[in-house]
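Heads up: the structure comes next, in structure tokens.
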Amino acid sequence: MRYVSTRGAWQSDPQPFRAILLEGLAPDGGLAVPERYPRFERDEIEALRGLAYPALATAVLARFVGDIAHDALARIVAAAYTREAFGSDDITPLVALEPGLSLLRLSNGPTLAFKDIALQLLGRLLEHALGGERVLNILGATSGDTGSSAEYAMRGKRGIAVFMLSPRGRMSAFQEAQMYSLDDPAIHNLAVEGTFDDCQDLVKALAGDAAFRRRHALGAVNSINWARIAAQVVYYFKGWLAATGVNAAKTRVSFAVPSGNFGNVLAGHVARSMGLPIERLIVATNENDVLDEFFRSGRYRPRGAGETHATSSPSMDISKASNFERYVYDVAGRDPQRLRSLWDELARRGSFDLHGTPLWRQVQESGFVSGRSTHADRVATIRDVHLRDRVLIDPHTADGVKVARELREGDEHVICLETALPAKFAATIREAVGFDPPRPAAWVDVEKRPQRFTVVANDRAEVAAYVAGHALAVAGRAA
């Protein structure tokens, strides 16, 4: 398996997995994608039934990883997915909510968010690839959960430092405390005076500066890193297998995915492209409904900071979805020239519109539908699921459940992907059900712990200077 860029780099020299694992953005600013998606035939999918999660993950990931020996990959995967880290051997249990609707529980990892599934693996893959001889300075942006998941996954890893940008004042108190209370000299939290999109733009600007990236050995843990997407593909296979049985061929399974940066639902698109018989991918947005607008109308119009709402599902307060580029690359026939043309139009006009073009038919045939949710919807859904099913869900998952209920067809089994545990969003949970959500013992007093972060302006030069002044030295060894 080799990789190319959505914008054309590496077409004549496709890159191996290890190279794109450490690279982040491609030299042309594009995102790494497989030359082609590996395929599972139906009998190969059935052969996966009954495998424990580490074995399932190894079987799926091996299709993407050609330059790590199978035995080594299996050991890395087994070390990432343990009962100790995720609370059970099942790792991602499927829980029935009501007829035709289930919840895939993805948030039992170390930081109580679905991001742990990919990042616990990514930390070990990066350490393996560095081999104790190289360093990597990870530059990332978070709207709430990626930051803490990445930091807890990377801490203590030899040769790795993390610089995480977050939008100041736009995360929940729990999310901020979980990140900022981590005391590790190789972890740097930068609170940016701006939105998540500003943070993401800063990361892309610095990562897109080839000289700066090489000088400081920059890498990525955001879902611009393909390994994140590959790891998330696994739980679509797990969810589908758990929801089907002897009558799998007659079972219509769809997934409802709370969506911000489009990485989570893109993994479902990849799984579907690999042959997993997913009926539909249901994109659920909050009030920041750029993606919903696109799938309903064909128009893609990212919003500016002034139009990006701060909501009660803050991890989805995103209007520039990085992974959308990978999806449009597929819609455009995997033609980098067509992709670049659309992105040039986006840069010039602030939007592009596929409706009425040949590409719109490709969008309609790609299995995506969408809907949006508001704060009132979230509160009502949290309350209803708790009363009806005795299950407490977080606000982002509530966005997914609300849209799933709205769009589910009669004989369709919809699996909603859980985003985080309710403990991270106590204020909204309290509003919905009248009491604070329970917390795991490790996080009972997290807001009271000392916090370490540096406030920076939404300024490329200021962030670059901080990274340059604190990065692990490329020529030396990690402390």
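The values are calculated or read from the model by the stated rules, or taken from the named source; none is laboratory data. All of these numbers come straight from a predicted model, not from anything done at the bench. All Cβ positions, glycine included, derive from the backbone under ideal geometry; neighbour counts span all protein chains shown.
Scanning the range 364-386 for residues that are under 13 Å from ASP292 (Cα atoms) and either touching a His at 6+ places or on another chain (Cβ under 8 Å) or hydrophobic (A, V, I, L, M, F, W, C) (or both) gives PHE368, VAL369. A count restricted to the range 19-37 and to residues that are on the phi < 0 side of the Ramachandran plot and either crowded, with 17+ Cβ neighbours inside 10 Å or without any contact (Cβ under 8 Å) to a residue 12 or more places away in the chain (or both) stands at 13.
Quick check on my filter: what residues within the range 96-131 are part of a loop (DSSP other than H, G, I, E, B) and in contact (Cβ under 8 Å) with a residue 40 or more places away in the chain?
Across the range 96-131, the qualifying residues are GLY100, ARG105, LEU106, SER107, ASN108, GLY109, PRO110, THR111, LEU112, PHE114.
The requirement of being among the polar types (S, T, N, Q), surrounded by fewer than 17 Cβ atoms within 10 Å (Cβ to Cβ) and out of contact with any His (no Cβ under 8 Å at 6 or more places or on another chain) is satisfied by THR82. The condition (being out of contact with any helix residue (DSSP H, G or I) (no Cβ under 7 Å at 6 or more places or on another chain), among the small types (Gly, Ala, Ser) and closer than 23 Å to VAL95 by Cβ) is satisfied by just one residue among GLY400, GLY371, GLY356, GLY350: GLY400. Among the residues of the range 255-275, those identified as outside any helix (DSSP H, G or I), over 14 Å from the mean Cα position of the chain (by Cα) and crowded, with 23+ Cβ neighbours inside 10 Å are PHE255, ALA256. What about LEU130, is it at pLDDT 95 or above and among the hydrophobic types (A, V, I, L, M, F, W, C)? No; evaluated as a whole, the condition is false for this residue. Of the residues making up the range 117-134, not a single one is touching a Leu at 6+ places or on another chain (Cβ under 7 Å), of a type in the set (S, T, N, Q) and closer than 17 Å to ALA227 by Cα.
When THR142, THR146 are checked against the criterion of being more than 21 Å from THR58 (Cα to Cα), crowded, with 24+ Cβ neighbours inside 10 Å, touching a Gly at 6+ places or on another chain (Cβ under 9 Å) and not charged (D, E, K, R), a single residue qualifies: THR146. The residue that is surrounded by the fewest Cβ atoms within 10 Å (Cβ to Cβ), counting only those in the range 414-447 that are touching a Lys or Arg at 6+ places or on another chain (Cβ under 7 Å) and closer than 30 Å to TRP240 by Cα, is ALA423. In summary, GLY147 fulfils each of the numbered conditions (1) in a loop (DSSP other than H, G, I, E, B); (2) modelled with pLDDT under 90 with the single exception of condition (1). Where helices (runs of 4 or more DSSP H) fall wholly inside the range 350-423, the ranges with 3 or more residues that are of a type in the set (Asp, Glu) and on the phi < 0 side of the Ramachandran plot are 375-389.
Somewhere in the range 177-192, is a residue crowded, with 19+ Cβ neighbours inside 10 Å and of a type in the set (Asp, Glu)? No.
For the range 167-184, the condition of being assigned to a helix (DSSP H, G or I), closer than 18 Å to LYS320 by Cβ, of a type outside the set (Ser, Thr, Tyr) and touching a strand residue (DSSP E or B) at 6+ places or on another chain (Cβ under 9 Å) holds for none of the residues.
Where helices (runs of 4 or more DSSP H) fall wholly inside the range 5-72, the ranges with 2 or more residues that are at pLDDT 95 or above and under 30 Å from TRP240 (Cα atoms) are 42-47, 53-61.
Name the residues in the range 276-316 that are assigned to a helix (DSSP H, G or I), more than 23 Å from LEU339 (Cβ to Cβ) and within 19 Å of the chain's Cα centre (by Cα), would you?
Selection gives PRO314, SER315, MET316.
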